[in-house]
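Before any comments, here is the structure.
The values are calculated or read from the model by the stated rules, or taken from the named source; none is laboratory data. Since we're looking at a predicted model, the values are computed, not measured. FYI the Cβ positions are ideal-geometry reconstructions off the backbone, even for glycines, and counts take in every protein chain you see. Ligands, DNA and RNA are stripped out before the accessible areas are found, and what is left, the full protein with its side chains, is counted by its heavy atoms. Shrake-Rupley method; radii C 1.70, N 1.55, O 1.52, S 1.80 Å.
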Amino acid sequence: MAEKTNQKICPQRKKCGGCQLQNMSYAEQLSFKQGKVIKLLGKFHRVNKIIGMEQPYHYRNKVQWAFGTTRGGKLISGIFQSSSHRIVAVDTCLLEDEKADEIIVSIRKLLPSFKLTAYNEDTHRGFLRHVLVKRGFQSGEIMVVLVGGTNIFPRKKDFVKALLKKHPEITTIVFNINDKKTSLLLGERQEVLYGEGKITEELLGCRFRISSKSFYQINPQQTQILYTKALEFADLKPSDVLLDAYCGIGTIGLIAAKHVKSVIGVELNCEAVRDARENAKLNGIKNAAFYCADAGEFMLRRKAEGQAADVVIMDPPRAGASKQFLHCLIQAAPERVVYISCNPETQKRDLFYLVKNGYKVKKIQPVDMFPHTEYVETVVLMSKVKK
Ligand code: SAH
């Protein structure tokens with residue numbers, strides 16, 4: 001683990017507020033997170049030691065910066081302050097992929113020579129709102145998404161040429177148009193300016209196509225560890241039907257597919273479901289089916305149709321699972337439930353409900369997916385209590 005002597009301090013940490021734990025050494029951060037998980041989940045079971053990173057810096061493979069202009073008219077780019085909508089101007093961030101940061105700085109430097117400005121949210125004038133960069137950790141492929149506040153992008157071909165000259169490592173460039181008053185980063189319309197508009201990433205023996213909008217875990221190294229733990233806990237058998245609930249682009253289910261009879265994935269975001277189906281094809285996986293639905297509603301429907309699952313892996317958003325989902329889960333009565341969570345508070349609530357209704361917590365594993373921030377991820381194995 002990183003010792004205090006290796007600790008890097010960000011000069012913007014107070015202004016930015018994104019790294020809540022930067023005043024602690026990495027070892028202290030890990031024990032802080034371990035303590036937090038024990039406090040919340042310790043009464044269910046003993047908590048395994050948190051798995052941290054060897055090099056807890058520059059782990060974010062998805063980087064998004066905002067563009068703006070200072071009162072003095074200077075073009076800036078950086079990160080939104082966590083407490084406000086102000087841009088903290090930075091050239092690098094200790095959490096982010098260094099190549100991604102480098103590319104965004106190059107874009108900022110290129111803008112004036114193309115007479116392109118930053119978009120102003122109040123006046124609706126100007127051009128560039130954000131830049132999003134996604135980089136495949138294994139594949140090295142890089143996607144750059146330029147988010148404009150208007151669809152007018154003069155000399156875009158020349159701009160792309162100039163950017164590629166500076167960074168030939170970029171594999172695709174997308175122009176996204178977001179002319180709405182919104183805190184959402186991306187607008188609906190987009191145009192691929194170079195390459196395929198997607199990158200391919202590899203994870204635990206599978207390949208995944210990632211588009212500008214699809215959700216993908218932001219710390220690829222720790223994701224491998226997290227998923228490996230989840231699959232180890234799931235103890236999959238060739239006869240198992242696996243339900244991957246809140247499946248995103250299908251990563252967990254597709255990695256598990258070769259170990260089970262079949263995989264059923266459910267996810268609310270239909271675009272992610274399309275990606276999941278495409279990813280199944282890309283990997284030649286035929287025993288996985290993905291559905292676009294609310295996970296709770298889907299469980300209810302399956303129950304009505306009398307369909308069961310042997311193992312459920314669930315990975316809900318920060319709000320946790322719905323009551324309906326948990327209720328139907330109990331009725332479906334899978335042998336094992338693996339609950340991945342990015343919020344131990346809601347996980348505690350959900351575990352409590354499952355424990356009251358016939359399940360027992362067997363293992364708890366925290367993983368540090370987001371060093372220097374206050375967030376902690378946990379994988380919990382539950383099994384059905386034998387009557
Ligand atoms: N397991 C995936 C995604 C986890 S993020 C991975 O590891 O990559 C949580 C996912 O839950 C998101 O993709 C989100 O779109 C989805 N989601 C949120 N609410 C949902 C609901 N009510 N029903 C189904 N999926 C939901």
Within region 322-346, tally of residues that are in contact (Cβ under 8 Å) with a residue 60 or more places away in the chain and within 13 Å of the ligand (Cβ to nearest atom): 3
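Being open to solvent by less than 30 Å² (accessible area, probe 1.4 Å), out of contact with any Leu (no Cβ under 7 Å at 6 or more places or on another chain) and either under 22 Å from T251 (Cβ atoms) or assigned by TED's automatic domain parsing to the domain that holds F44 (or both) narrows it down to one of N287, N343, so name that one. Talk me through it step by step, then tell me what you get.
Values: N287 fails: open to solvent by less than 30 Å² (accessible area, probe 1.4 Å).
So the residue among N287, N343 that is open to solvent by less than 30 Å² (accessible area, probe 1.4 Å), out of contact with any Leu (no Cβ under 7 Å at 6 or more places or on another chain) and either under 22 Å from T251 (Cβ atoms) or assigned by TED's automatic domain parsing to the domain that holds F44 (or both) is N343.
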Of the residues in region 150-193, those that are open to solvent by 80 Å² or more (accessible area, probe 1.4 Å) and more than 19 Å from Q64 (Cα to Cα) come to N151, I152, R155, K157, K161, K165, K166, P168
Of these, F67, F80, F114, which one is open to solvent by less than 20 Å² (accessible area, probe 1.4 Å), assigned by TED's automatic domain parsing to the domain that holds E141 and of a type in the set (F, W, Y)? F67
If you scan region 196-207, which residues turn out to be in a loop (DSSP other than H, G, I, E, B) and open to solvent by less than 30 Å² (accessible area, probe 1.4 Å)? G197
Take I210 and decide whether it is open to solvent by less than 10 Å² (accessible area, probe 1.4 Å), part of a loop (DSSP other than H, G, I, E, B) and within 13 Å of the ligand (Cβ to nearest atom). no
What's the number of the condition Y353 fails, among (1) assigned to a helix (DSSP H, G or I); (2) under 24 Å from the mean Cα position of the chain (by Cα)? (2)
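Please verify whether V263 is in a strand (DSSP E or B), more than 12 Å from the ligand (Cβ to nearest atom) and more than 28 Å from I103 (Cα to Cα), treating the condition exactly as stated.
Working: in a strand (DSSP E or B): yes; more than 12 Å from the ligand (Cβ to nearest atom): yes; more than 28 Å from I103 (Cα to Cα): yes.
Answer is yes for this residue.
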Which one of Q55, Q29 is over 30 Å from F127 (Cα atoms) and either of a type in the set (A, V, I, L, M, F, W, C) or in a helix (DSSP H, G or I) (or both)? Q29
Six or more apart or on different chains, Cβ under 6 Å: which pairs go from a residue in region 257-268 that's open to solvent by 30 Å² or more (accessible area, probe 1.4 Å) to one that's part of a helix (DSSP H, G or I) and away from the ligand (no atom under 12 Å from the Cβ)? Could you list them? none
Looking at region 103-135, which of its residues are in contact (Cβ under 8 Å) with a residue 40 or more places away in the chain and closer than 27 Å to Q55 by Cα? I103, I104, S106, V131, L132, V133, K134, R135
Which is over 23 Å from the mean Cα position of the chain (by Cα) and crowded, with 21+ Cβ neighbours inside 10 Å, of V273, V311? V311
Of the residues K348, K303, only one is under 19 Å from L381 (Cβ atoms), outside any loop (DSSP other than H, G, I, E, B) and open to solvent by 30 Å² or more (accessible area, probe 1.4 Å); which? K348
Among what's in region 283-296 and is in contact with a helix residue (DSSP H, G or I) (Cβ under 7 Å, 6 or more places away or on another chain) and over 16 Å from E271 (Cα atoms), pick the residue that is nearest to the ligand (Cβ to nearest atom). G296
